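What follows is calculated from the coordinates using simple rules that are stated; it is not laboratory data. Because the structure is predicted, anything quoted here is derived from the model rather than measured. Positions of Cβ are generated from backbone atoms using ideal geometry, with glycine treated the same way; all protein chains shown enter the neighbour counts.
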Number of protein chains: 2
Amino acid sequence: MAGSARASEEGLIARYFAPLAGPGAHGLRDDAATLTPTPGHDLVLTTDAVVAGIHYFAEDPPASIARKALGVNLSDIAAKGAVPRGFLLTLALPDDWTEAWLDGFAAGLGAAAAEAGCPLLGGDTVRSGGPALISVSLFGEVPTGAIVRRTTARVGDRICVTGTIGDAALGLRLRLEPAAPWVAGLDPALQAELADRYLHPRPRLAAAPAVRRYASAAMDVSDGLAGDLAKMLGAGRGARVAAAALPLSDAARRACAAEPALIDAVLTGGDDYEILCTVAPENVAAFQAEAAAAGLTVSAIGTVTSGDGPPRFEMRDGAERVFAAGSFSHF
Amino acid sequence: MAGSARASEEGLIARYFAPLAGPGAHGLRDDAATLTPTPGHDLVLTTDAVVAGIHYFAEDPPASIARKALGVNLSDIAAKGAVPRGFLLTLALPDDWTEAWLDGFAAGLGAAAAEAGCPLLGGDTVRSGGPALISVSLFGEVPTGAIVRRTTARVGDRICVTGTIGDAALGLRLRLEPAAPWVAGLDPALQAELADRYLHPRPRLAAAPAVRRYASAAMDVSDGLAGDLAKMLGAGRGARVAAAALPLSDAARRACAAEPALIDAVLTGGDDYEILCTVAPENVAAFQAEAAAAGLTVSAIGTVTSGDGPPRFEMRDGAERVFAAGSFSHF
């Protein structure tokens, strides 16, 4: 792959990764790839890494790990209103890597990349000297100047979110505390749904055109709704969010009914990979309709307010809550 | 940085990395950056990672580590005839990272990026769970279609290389075997020169325009001249290289005089980060002149031949040698 191709690294590349290479990657037989945006477009660049034991469980299926490594980056691109074009991969392997693991990883990566129309352009494979680490740099494109920024929300805008919130956090909780009463009380199919949301991000690529058309600001929810919303608004703007308007899956609704404290995990747990954005009130209906036409639900959950302070959540019991350091931190 | 900004990660970014951000990076306060090639140009993408204890010594100065992480990628871009435009950084920190280390790392990264005209566009900071790992994805640009490929050498072309070969490999050897007789016999200033070549790649960015104009194929020498030359030629072409024509520094010449077996380290050791390329015989003088005008020496060391088999090195004693698996492998 790019750069320091090594004798045995070359074998790995030819066997596992060359079949995934897209145009411009030159079959991964060069030190660099080419990528040129469509005329009238900007490239949008992002990078995110996942580490075994920190961002995923080392024993997760390797195809799922690959899908997550790609998905967390695709999610960033979608939230910026961009269309993916390709990616670079840094794969740092632990000393006990196996061919079976790499087979599964490459298969999962190829499938996820093909679904997203986002081919592999190059990469580097190294020994990690510790746990596995997968870093993806992903490139998308938007019409020139059309990238949707994170910190450009306007007071009075409605706060919208795609899909459902909290499922992945509950899926993680379920894996960490499988004997918890709320887990035992949950239908196995719903348990599986939550576990799947943690394991497999569902980057909302289909929402990108509508986000580009209607959102005044956008980001993906990776570190918890409460903290990410605070980051999106920054200083000088606040938010009022109605808990009753939060889009919860049937599984999340039942889990919270069984154990009301789980709403904190829903709001702060992270790994949602939904798109959080702000939309002028008069555009919300059109935004929802365009997203629906692309197969995605969009919920309006609150309003951007003036003033400082973290977003205020009006809970179902009438209490108001804030999550001061709401964002989940791996670091 | 891009993607999963975390509470305490945000503090690191604001303190250490936001000062390094270039145009399109939006002060590292978004999940993605924008980059658009100059009209009439292609973007050239590469990625390479370095790992503590594998690609560098964990105790190396953090500014040097940063310079190496960027330099190995700049070297790839230069060898493709491209001009750097910016980079993304994945910084995976061990659990015992310190502010002093990060201070030095950011300072070295900023200095190296400024020298190369290649600003930081975004990144991700994570815990590694093991040794430090630094992955850089670097973007350059070339006039449309002008990228210089690795595998396009023609039989009869002259094989050229910038600068000097083997210094970094000897610098590494010197650190691993400080008590070796050849080290003791070497002037301390020359020892320091070799050590510096290992520690600090000198990406040959100044050679890029001449490479673009004259080279039929090019790559950077990162894994040893013998193995990298074999990779560049691929199947169906060979090479005849005159050891007497190899550009050796004064330090390398003295080291090899003291211990003749060191010529193997010179030819296979790696970390040179010189540009290896092929040039039609009638263009060699012009190529050398243009490189010289940019402050770089270029040596013609051999010729591309027809036929299979690894490059043949005609040694000073008249013997012919090949290095079958000559490329150094970290993997």
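When only Cα pairs under 8 Å and 6 or more residues apart are kept, what is the percent relative contact order across chain A? Show your work: numbers first, answer last.
On the way: 752 pairs, mean separation 72.6, N = 331.
With pairs under 8 Å counted, the relative contact order is 22 percent.
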Among DSSP beta bridges whose residues both lie in the range A:7-143, state the antiparallel percentage, nearest 5.
70
By how many nm would the segment from B:ARG175 to B:ASP95 lengthen if fully extended, with 0.36 nm per residue of separation less the alpha-carbon distance?
26.2 nm
Compare A:LEU35, A:LEU246, A:LEU267 in a GNM of chain A, Cα atoms joined below 10 Å, and give the one with the largest fluctuation.
A:LEU35
About its Cα centre, the range B:158-321 carries a charge dipole, from +1 on Lys and Arg Cβ atoms and -1 on Asp and Glu Cβ atoms, whose size in debye to the nearest 20 is 360
Neighbour counts of other C-beta atoms within 10 Å: give me A:ILE275, B:ILE263 arranged from fewest to most.
B:ILE263, A:ILE275
Per the 1/(1 + (r/R0)^6) rule, R0 = 35 Å and r from the Cβ atoms of B:ALA244 and A:ALA14, FRET efficiency to 0.05 is 0.50
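Treat the count of other C-beta atoms within 10 Å as a stand-in for reagent exposure and order B:SER222, A:SER64 from fewest to most. Spell out each step's value before the answer.
Working: B:SER222 27, A:SER64 20.
Listed from fewest to most nearby Cβ atoms, that is A:SER64, B:SER222.
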With only alpha-carbon atoms counted, please give the Rg and Dmax of the range A:7-143, in Å.
14.4, 47
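DSSP loop (so not H, G, I, E, B), at most 14 other Cβ within 10 Å: list which chymotrypsin sites (Phe, Trp or Tyr not before Pro) in the range A:182-266 pass both filters. Write out the running numbers ahead of the final one.
Numbers: sites: A:TRP182, A:TYR198, A:TYR214; in loops: none.
For chymotrypsin sites (Phe, Trp or Tyr not before Pro) across the range A:182-266 that sit outside H, G, I, E and B with at most 14 neighbouring Cβ atoms in 10 Å, the list is empty.
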Ratio to report: Rg/Rh of the range B:158-321, with Cα atoms as the point set and Rh obtained by the Kirkwood method; give two decimals.
0.97
With the calculation restricted to Cα positions, what are the radius of gyration and Dmax of the range B:129-252 in angstrom?
17.3, 52
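Apply 1/(1 + (r/R0)^6) to the Cβ-Cβ distance of B:ALA286 and B:ALA257, taking R0 = 35 Å, and write down the FRET efficiency to the nearest 0.05.
Numbers: r = 34 Å, r/R0 = 0.96.
For B:ALA286 and B:ALA257, the calculated efficiency is 0.55.
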Nearest 0.05, what FRET efficiency do A:PHE57 and A:ALA184 give at R0 = 22 Å with Cβ-Cβ as r?
0.55
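Let me spell out the model: positive unit charges on the Cβ of Lys and Arg, negative unit charges on the Cβ of Asp and Glu, origin at the Cα centre of chain B. What dipole size does that give, in debye rounded to 20?
Working: 27 positive and 37 negative charges, 180 e Å.
The dipole of chain B has a size of about 860 debye.
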What whole number of Å gives the distance from the Cα centroid of the range A:97-129 to the Cα centroid of the range B:56-75?
26
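Is there a quick way to get the dipole size of the protein assembly as shown? I mean about its Cα centre, with the Cβ of Lys and Arg at +1 and of Asp and Glu at -1; what is the value in debye to the nearest 20?
Numbers: 54 positive and 74 negative charges, 277 e Å.
Charge dipole of the protein assembly as shown: 1340 debye, to the nearest 20.
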222 nm [θ] for chain B, helices only, -39500 (n - 2.57) per DSSP H run of 4+, per residue, to 500?
-10000 deg cm²/dmol
P(r) histogram, all alpha-carbon pairs of the protein assembly as shown included - 20 Å bins from 0, percent:
19, 49, 24, 7, 0
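Stretched out fully, how many nm does the piece from B:ALA294 to B:GLU320 gain, at 0.36 nm a residue minus the Cα gap?
Roughly 5.9 nm would be gained on extension.
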Convex hull (Cα only) mean projected area of the range A:103-146, reported in nm² to one decimal
4.6
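What's the exposure ranking of A:ASP103, B:ASP95, B:ASP187, A:ASP157, going from fewest to most Cβ atoms within 10 Å? Write down the numbers at each step before the final one.
Details: A:ASP103 14, B:ASP95 8, B:ASP187 11, A:ASP157 25.
Final ranking by Cβ density, sparse to dense: B:ASP95, B:ASP187, A:ASP103, A:ASP157.
Counting pairwise Cα distances across chain B, what percent come out greater than 29 angstrom?
Details: 21867 of 54615 pairs.
Above the 29 Å cut-off, chain B has 40 percent of its Cα pairs.
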Given Cβ charges of +1 for Lys and Arg and -1 for Asp and Glu, the option among B:GLY166, B:LEU176, B:GLY108 whose Cα lies farthest towards the positive end of the dipole of the range B:85-222 is B:GLY166
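Using alpha-carbon pairs under 8 Å, 6+ residues apart, how would you state the relative contact order of the range B:242-331 in percent? Please report the intermediate quantities before stating the final value.
Working: 53 pairs, mean separation 36.3, N = 90.
With pairs under 8 Å counted, the relative contact order is 40 percent.
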Alpha carbon centroid spacing (whole Å) that separates the range B:133-182 from the range A:198-229
42
Mind pulling up the Rg/Rh value for the range B:192-235? Radius of gyration and Kirkwood radius, both on Cα.
1.05
Candidates B:ALA184, B:ALA215, B:ALA21, ranked by Gaussian network fluctuation over chain B, Cα under 10 Å, top entry:
B:ALA184
Just checking the output field for A:49-59: average partner chain Cβ neighbours within 10 Å of each residue's Cβ?
3
Nearest-to-axis residue of chain A, judged by Cβ, for the A-to-B rotation, with distance in whole Å?
A:GLY130, 1
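Roughly how large, in nm² to one decimal, is the mean projection of the convex hull of the alpha-carbon atoms in the range B:240-286? Display every interim value, and only then the final one.
Numbers: hull surface 17.3 nm².
Value for the range B:240-286: 4.3 nm².
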When the Kirkwood radius is taken over all Cα pairs of the range B:229-331, what Stokes-Einstein diffusion coefficient follows at 37 °C and 0.692 mPa s, in µm²/s?
219
